[in-house]
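Down below is the structure, laid out as structure tokens.
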Amino acid sequence: MLLALSFVLAYLIGSIPSGVWVGRVFCHKDPRDAGSHNIGTTNAYRVLGAKAGTVVLAMDILKGTLGASLPAMFGYHQHWLVLVCGVAAVIGHTMSIFIHFKGGKAVATSAGILLAYNPILFLVASGLFVSLIFLTSMVSFASIFAIAIFTVIAAVLQDWVLTAIAGALTIVFIVRHIPNIKRMLQHNENMVPFGLGYWHKHKAK
């Protein structure tokens, strides 16, 4: 019963629409009304500003970490449950009960699961993600390829539960980023205002 409750609570925690709530309370804006119309961190930075965007990032990561930690809080110490329960938080983020079962792309929330599961691997994945952003200046590209590469890393480590979850999240990321992939193929994907891709694009002009 407690294990089932942990999944439900993880879903509800993941469902908290951080970008919407932070935007409305502190900025009197809704990130869904501008930019990419997404509730996630990237659009929060774009629409709400750096301070609010950072708060949204922290909250979205914490959602994954807290949701994934619930089994241990209820006395279940099988470490693989961290990943399985964390997925419930990701489902909540992508299909939030608070905003008509719509949501974000789950990148930060997925990172939060990894923080609860293995902080060292969280640092590895974060470093990979940041490096890809610096190389391409595209958060969408970094999100998709970082999780794909991390799936390979998990397989090399022979952590098969992590490999399966990371592989499933790779599919989720690709599906959630289909509009971004189309823009990348058309060479008009949005870029962050730093990194080699951004500098090369503006130098060419």
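All of the numbers you see were taken from the coordinates with simple rules; none came from a lab. This structure is a prediction, so every number in the text was calculated from the model and none was measured. Quick reminder, even Gly has a Cβ in these numbers, built from the backbone with ideal geometry, and neighbours come from all protein chains shown.
Points to keep in mind about this one:
- Charge sum, other residues only, whose C-beta stays under 13 Å from VAL107's C-beta, Lys/Arg counted +1 and Asp/Glu -1: +2
- 0 to 90° range, to nearest 10: angle between helix 80-94 axis and the chain longest Cα axis: 50 degrees
- Ascending count of other beta-carbon atoms within 10 Å, so fewest first, for ILE153, ILE178: ILE178, ILE153
- Loop-located trypsin sites (Lys or Arg not before Pro) in segment 1-92 whose Cβ has at most 12 other Cβ within 10 Å (DSSP): none
- Couplings 3J(HN,Hα) of segment 140-152, computed from phi: 4, 4, 4, 4, 5, 6, 5, 5, 5, 5, 5, 4, 5 Hz, in residue order, whole Hz [Karplus 6.51 cos²θ - 1.76 cosθ + 1.60, θ = phi - 60°; x for Gly and Pro].
- Helix-only arithmetic for the chain: the sum of -39500 (n - 2.57) across DSSP H runs with n ≥ 4, divided by the residue total, places the mean residue ellipticity at 222 nm at -23000 deg cm²/dmol.
- Check: the chain dipole with +1 on Lys, Arg Cβ and -1 on Asp, Glu Cβ, in debye: 700 debye
- Residue-by-residue Karplus 3J(HN,Hα) for segment 165-175, coefficients 6.51, -1.76, 1.60, Hz, glycine and proline x: 5, 5, x, 5, 5, 4, 5, 4, 4, 5, 5
- By the count of neighbouring beta-carbon atoms within 10 Å, fewest first, THR109, THR136, THR41 end up ordered THR136, THR41, THR109.
- Length-normalised contact order for segment 43-118 - Cα pairs under 8 Å, 6+ apart - percent: 35 percent
- Look at the alpha carbon pairs under 8 Å that are at least 6 residues apart: their mean separation over the length of the chain gives a relative contact order of 19 percent.
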